[in-house]
Amino acid sequence: MKVLLSARWLGGAGGGERCLYSIVRALEADSVDLVVFHRLGGPLATIGPEVRVSSPTGWRWRGSASHSVIKGALAQGIVNPLRRRLSPGYDVYLQLFHGADLTQAVHAKVRLLVPSGNHIDAAKAGKYDFIALQAPDNLRFVPKGTPTVLLPPPLLELSGRAERPQFDVPDFFYLTVLNPYGAVKGLDDLVRAADSAPYPIVWCHSRRTVDFSVPPHLLAHPRIVPIEDPPLAQLRYLYEHCLAYLCFSRSEGFGWAVADALRYSRCVVSRPVGVLSFPEAQECPVMEVGEEWEADWQSLPQSPPGTGPRELNWLSPERFRDTLRALVRETARF
């Protein structure tokens, strides 16, 4: 397949960055062009030399999504039609929500937009053949009647090995991985859980992509162990050795940290959001909590680790690629 991807960041740390990295890895056998606003460092920035990376502000794409009176008219009326005529056609155009809108500048057999946990209005949805839902409950992000396709991102190994952290970790602990961008991440629930949990909560976060102020009350909480930007091998160790993984999110597009926990952790405690809305997720040990996030601590495992990584074939790179190929066959525009 010939694929054009549009995203905001290559590298860094976070769900969108992990999504892009995983998609690029899943398409290693295909021809991939990638358009990103920012190139950051870190392991999620490591891609093969065969992936052609450009910027939406570069000569090829400059002004392609402009809607200003003069530049927009020039782009939409003259430049973009010329771009579509001269540029090679693509089998798939896949845009993550925060990526540049290149729909008017390219020919593609199928055009997809990933909401990434954001609401899509009808005008925006109309530019694409399908809104690509990362999980079944993502239907709430799009207007009723919008053409959608269920396209969970490919879940790769977090790390090929687990490495004991160099920092002090309690013998018994729960784990949560979240960046406190807003109330949707459930910071208030994290504090209440830490107050009532029988063991400390190790809280991992990263400011590699977007800097934010870490709430002082979280740093000072005696039952919360904050760890910033642990190496992936050490993060896998934490997943495998925690008593349970705790997710406090009120909404998710996919929920990468939860997906990792489904693979590595003994148990997941969460609201039924994102990846947990797949029927297959119920085959894993999950304790579902309601809006008030009240956990039955006594019902959780009392000793780690578990039995090893679980095979989550329904989130495999092969399944992702097969779904794209089927879409190209069924909705070819040429």
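The values are calculated or read from the model by the stated rules, or taken from the named source; none is laboratory data. In this text the structure is predicted, and so the values were computed from the model without any measurement. Cβ atoms come from the backbone with ideal geometry, glycine included; neighbour counts cover every protein chain shown.
I'd like to check which helices (runs of 4 or more DSSP H) are fully inside the stretch 216-309 and have at least 3 residues that are touching a residue at least 24 places away in the same chain (Cβ under 8 Å) and surrounded by 15 or more Cβ atoms within 10 Å (Cβ to Cβ).
Helices (runs of 4 or more DSSP H) meeting the threshold: 232-241, 256-264.
With (1) surrounded by 19 or more Cβ atoms within 10 Å (Cβ to Cβ); (2) under 15 Å from the mean Cα position of the chain (by Cα) as the list, and residue 181 as the residue in question, which single condition is left unmet?
It fails just one condition, (1).
Of the numbered conditions (1) more than 26 Å from residue 185 (Cβ to Cβ); (2) in contact with a Ser or Thr (Cβ under 9 Å, 6 or more places away or on another chain); (3) among the hydroxyl-bearing types (Ser, Thr, Tyr), residue 270 fails exactly one; give the number of that condition.
(1)
Every residue in the stretch 199-215 that is under 17 Å from residue 11 (Cα atoms) and assigned to a strand (DSSP E or B), please.
205
Would you check if there is a residue in the stretch 132-146 being part of a helix (DSSP H, G or I) and touching a strand residue (DSSP E or B) at 6+ places or on another chain (Cβ under 6 Å)?
Of the stretch 132-146, the ones part of a helix (DSSP H, G or I) are 136-141.
Cutting the leftovers down to touching a strand residue (DSSP E or B) at 6+ places or on another chain (Cβ under 6 Å) gives us none.
No - not one qualifying residue is present in the stretch 132-146.
Looking at (1) part of a strand (DSSP E or B); (2) touching a helix residue (DSSP H, G or I) at 6+ places or on another chain (Cβ under 6 Å), which is the only condition residue 17 fails?
(1)
One line per residue, one yes/no per condition, for (1) at pLDDT 90 or above; (2) over 23 Å from residue 253 (Cβ atoms); (3) loosely packed, with under 14 Cβ neighbours inside 10 Å:
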| site | (1), (2), (3) |
| --- | --- |
| 2 | yes, yes, no |
| 9 | yes, no, no |
| 38 | yes, no, yes |
| 55 | yes, yes, no |
| 64 | no, yes, no |
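Could you give every pair whose Cβ atoms fall below 9 Å, whose first residue belongs to the stretch 126-146 and is in the same structural domain as residue 15 (by TED's automatic domain parsing), and whose second residue is modelled with pLDDT under 95 and of a type in the set (Val, Ile, Thr), counting only separations of at least 6 or pairs across chains?
Once the first residue is in the same structural domain as residue 15 (by TED's automatic domain parsing) and sits in the stretch 126-146, its partners that are modelled with pLDDT under 95 and of a type in the set (Val, Ile, Thr) give 127/103; 128/103; 129/331; 130/331.
Which condition number does residue 141 fail, the rest of (1) touching a His at 6+ places or on another chain (Cβ under 6 Å); (2) surrounded by fewer than 16 Cβ atoms within 10 Å (Cβ to Cβ) being met?
Every listed condition holds for residue 141 apart from (2).
Could you please find all residues in the stretch 266-310 being β-branched (Val, Ile, Thr) and under 22 Å from residue 250 (Cβ atoms)? Can you show your working first?
Here is the first cut: in the stretch 266-310, the ones β-branched (Val, Ile, Thr) are 268-269, 273, 275, 286, 289, 307.
268, 269, 273, 275, 286, 289 - these are the residues of the stretch 266-310 that are β-branched (Val, Ile, Thr) and under 22 Å from residue 250 (Cβ atoms).
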